[in-house]
1. Count, for each residue of B:451-461, the Cβ atoms from other chains sitting within 10 Å of its Cβ, then give me the mean as a whole number.
2. What is the angle, in °, between the Cα long axis of helix A:100-112 and the longest principal axis of the Cα atoms in chain A? Nearest 10 is fine, range 0 to 90.
3. Calculate how steeply helix B:238-250 sits against the longest principal axis of the alpha-carbon atoms of chain B, using the helix alpha-carbon long axis, and give the answer as 0 to 90 degrees to the nearest 10.
4. Please list, in order along the range A:499-508, the HN-Hα scalar couplings obtained from phi with the Karplus expression 6.51 cos²θ - 1.76 cosθ + 1.60 (θ = phi - 60°), rounded to whole Hz, x for Gly and Pro.
5. Find the centroid of the Cα atoms in the range B:270-333 and in the range A:373-415, then give the distance between the two in whole Å.
6. Using only C-alpha positions, report the orientation-averaged shadow area of the convex hull of the range B:464-553, nm², one decimal.
7. To the nearest 20 debye, what is the magnitude of the charge dipole of chain B about its Cα centre, counting +1 on the Cβ of each Lys and Arg and -1 on the Cβ of each Asp and Glu?
8. Could you tell me which of rounded, prolate or oblate describes the range B:211-358, using a ≥ b ≥ c as the square roots of the eigenvalues of the alpha-carbon gyration tensor, with rounded for a/c under 1.5 and, failing that, prolate when a/b is larger than b/c and oblate otherwise?
Protein chains: 2
Amino acid sequence: MSTERLIYLPLGGAGEIGMNCYVYGYGPKDKERLILVDLGVTFPDMDTSPGVDLIFPDLTWLTDRKDQLEAIFITHAHEDHVGAVGHFFGQLGVPVYARAFTANIARRKLSEHGFGDETVTTVSAYPERVETGPFKVSFVPVSHSIPESSSLLIETAGGRVFHTGDFKIDHDPIVGEAFDEALWQDIAKDGIKALVCDSTNVFSKSAGRSESELGGNLEALIKGAERMVVATTFASNVARVKTLAEAGERAGRSICLMGRAMRRMVEASIETGVLGSFPPVVSIDDARDVPRENLMLLVTGSQGERRAASAQLARGKFNGIEMKEGDMFLFSSKTIPGNERGVISIMNQFSEMGVDVVDDNDGLYHVSGHANRPDIAKAHELMDPQMVIPMHGEHRHLREHAKLAEEAGRASAVAVNGMMVELSGNKPKVVEYIETGRRYLDGSTQIGALDGIVRDRIRMALNGHVIVTVILDEDGEPLGEPWCELMGLPETGRSKAPLVEVLEEDLGQFLGRAKEATLKDDGKIEQELRKIARRTTLDEIGKKAEVSVIISRLA
Amino acid sequence: MSTERLIYLPLGGAGEIGMNCYVYGYGPKDKERLILVDLGVTFPDMDTSPGVDLIFPDLTWLTDRKDQLEAIFITHAHEDHVGAVGHFFGQLGVPVYARAFTANIARRKLSEHGFGDETVTTVSAYPERVETGPFKVSFVPVSHSIPESSSLLIETAGGRVFHTGDFKIDHDPIVGEAFDEALWQDIAKDGIKALVCDSTNVFSKSAGRSESELGGNLEALIKGAERMVVATTFASNVARVKTLAEAGERAGRSICLMGRAMRRMVEASIETGVLGSFPPVVSIDDARDVPRENLMLLVTGSQGERRAASAQLARGKFNGIEMKEGDMFLFSSKTIPGNERGVISIMNQFSEMGVDVVDDNDGLYHVSGHANRPDIAKAHELMDPQMVIPMHGEHRHLREHAKLAEEAGRASAVAVNGMMVELSGNKPKVVEYIETGRRYLDGSTQIGALDGIVRDRIRMALNGHVIVTVILDEDGEPLGEPWCELMGLPETGRSKAPLVEVLEEDLGQFLGRAKEATLKDDGKIEQELRKIARRTTLDEIGKKAEVSVIISRLA
């Protein structure tokens, strides 16, 4: 019996949508050789991570074992798959493999961190394979919503794993390769041990729709518009950008791309030749001279991002162009849960300008990039694996996906971030729980999600902040009264007297009566003053403020 | 020609969904007698109002004219229509009129602020009318999602206004009066000047569905459940609570109500007799002894509220009851935009417990309480008014609703909070812009939305807080170095030295070199120290922190 084992360990993306980061290992227990599949980010929100710029998986487990790590494979160029590669390449220091378009984007990210183009190796599609340690890895083209998306076929002596990456079943995806059932069946012929499979749309009951269904609807919509048309979608959804641009062209409009990400993505698509044809575009300078009824802008900001083109247009001008009454703004996109407020706010700002906002209520102007439930079931059938491991989903998605597999008689398991699963047997077996979590990029520094910094910010935001200053003289006696400063708190409360004065009075009384032993002990003074300040704010304004106490002792 | 005018002035609810508050006036310009229709609240969120407990309309315009105010009329007992009545009754001091169920809820709210039951007058339905000043107001029963919802017929010498309140067209609403087309037509016979009409669902294209469609679906769902069933909906949706309870009873389950709001609403419904029959309920104590497969809980928290029953069950026990593998949790509700994160988080917590979560993806287990687009059009037809004023909607809803009216040849206008509209002519005319806004209930105090308190909280949450303390001696010379304290900021940055030390070094250098004139000027010191601290944090950690400077001068 072999002592080698084949393992799967998600560090991100399992138990959440976004921040994809999956480890595979093969070899003797605890000495496995490892590869990393995807290294993505997720995005902060005000509720849980105010002030944070980006969220990364915690790679401590992996960096502790970096001598076991062979390589990093990136399935496609979405931020939640490639976004962290620049931030962690320095710590991991192994080759990065990707197909041309993804490699182009990855190199741009690495160069921002000072790494050269040679750090990323461009790989052709299956049947080409990368041999590294005990792994043979090939990129199997699959339809999604960004060019050159790939599933990975990971072959080891312990069995073959098929990692779908993000995918949908689209036989006419406009940009990139169509879903190729024959290819899947061909790969499946030699037996698949584990299908590690996208779960995003497992709750969507009807079969997914093709990108090619949108062109006609969009053309009709744009033809019916009387003045300027502006459309937004994910910049990385190059197929949609093309669908929109072509529909606009057929409707007799000049196309202009606005927003950095939009221009960069189209640029990368042209550089790597994945785009095929694309309508001629006019520069922003030239766009200003095009009659509004002949102009269509394609802009960033489909999720309501404050700094993107759509939000700027909603607030006023962007690049010298302004929305006006009778213009149309189209969201050719779905709002990701959590982004509703930002998107709705933009819709209302446009409404105030008299702009007609069109969204995807009816499914006419957007299709998803992920496999729906029947498509997931079809993927299971095509690949006919020994076991199905659901990935890329919140817990509820993974659980539903595992049920779907099990109902069809396949072994499955719900494995969230940090659960190491052994794939060697006939069914998945959780063999270890790894400590994982999230790291925050905060300005230019990385902080831990649980180290208290963000918790303190949330507390200040909820409760306001009282700063108490006390000066003690050379003899340890209070010099004057304590001072208070407020931030984020009302000036007066119940007693109608200024809150600062009520606080200073209460704190001063305590200090005036404090025993010598107390006054010698900074920790004790701080603790008592905090307690009093919290009680006073509760009395006065009905909430316990956060309190910082600063004690200065004159030497 | 008459010099009297009929005016409409929304102070809340127009340009937003929630916080309903509408003024009507009749009389000579600027001397109109006034009535207030609804006095509701809206709810805070972390993005825009962290730490805030409730949001009220700013009633300054009205309190400045309270000698012109005749009365307050409450259309129904939803929080966004009645929630602020207790908070403002003291300032307005005029009679409150409502139908029995609404009056019951309003009295509970007023009593929390120390006002007696006599403050609210119970009114019977149309044709009874309240005569107050130049107004004759009657409560016209209408179907919605809470008992005794009413439209208001407001009759003046300047014309009759029909204010729909929240409504839907439901001919079998389970609880409360069915929508009565004949009654609407009868009222319309004498001519309606203005229909002021609910806009919430103007983007929902198909006709609304009846509450009575749900019972069968729910019964089948509950019968198929193998272990405990827990269902949540808005507590105030008494019809749904009844539909759920009856479906549970038919499926052979004992019903238990959990959560304060749920029990209070059913209590008020029983006290006022609006409920008709209701299945027998078991107490929470008894529920613990009922076999799980025979038990159904109806709980609060359909919007993911952290303190409600559903969130507590998701985190662990509530009232000694715990969810277990194989139980079912049903959201018989729609998630209000902005609440997605909280709801999804609960769904995933249940998923981790092995609980099957059912939501309303398919419309099987929930119907809306508002009129959809075809129902709104039907309301226009039935009432056949001279003009339509859309209310209760964000700007985009109001605009769409006005278009709908205009397409059918009716005069209309988009009027948001603060826009005073004269209804006296043949079409609506905006005659004045009133300064309005929001007030926040923050703990026990009211603060203004724009007075900077919440802005400071958001800044601390985004940027962290640096507190700088400087002591100056009797001669105005710095006594030692400045001190820094951090809250919500990383301990180290770019230079790897403690951020506090880098700050103290930079600030100390400035103080050491500062001229005497600067040191005499607290404002100047503060300004310079803040500038330096912000620059240093930007250098070190890539973000400009919020800075408070505390200067202590020894006398």
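Where a number appears in this text, it was derived from the coordinates with a stated rule and is not lab data. Note that the structure is a prediction, hence the values are computed from the model and not measured. Reconstructed Cβ throughout: ideal geometry from the backbone, glycine too, with neighbour counts over all protein chains shown.
1. Partner-chain Cβ atoms within 10 Å, mean over residues of B:451-461: 6.
2. Approximately 30 degrees, to the nearest ten.
3. Its long axis makes an angle of about 70 degrees.
4. Coupling constants for the range A:499-508: 4, 4, 5, 4, 4, 5, 4, 5, 5, x Hz.
5. 32 Å
6. 5.0 nm²
7. Approximately 720 debye in magnitude.
8. On the way: a/c = 1.39, a/b = 1.19, b/c = 1.17.
Taking the square roots of the gyration eigenvalues as a ≥ b ≥ c, the range B:211-358 is rounded.
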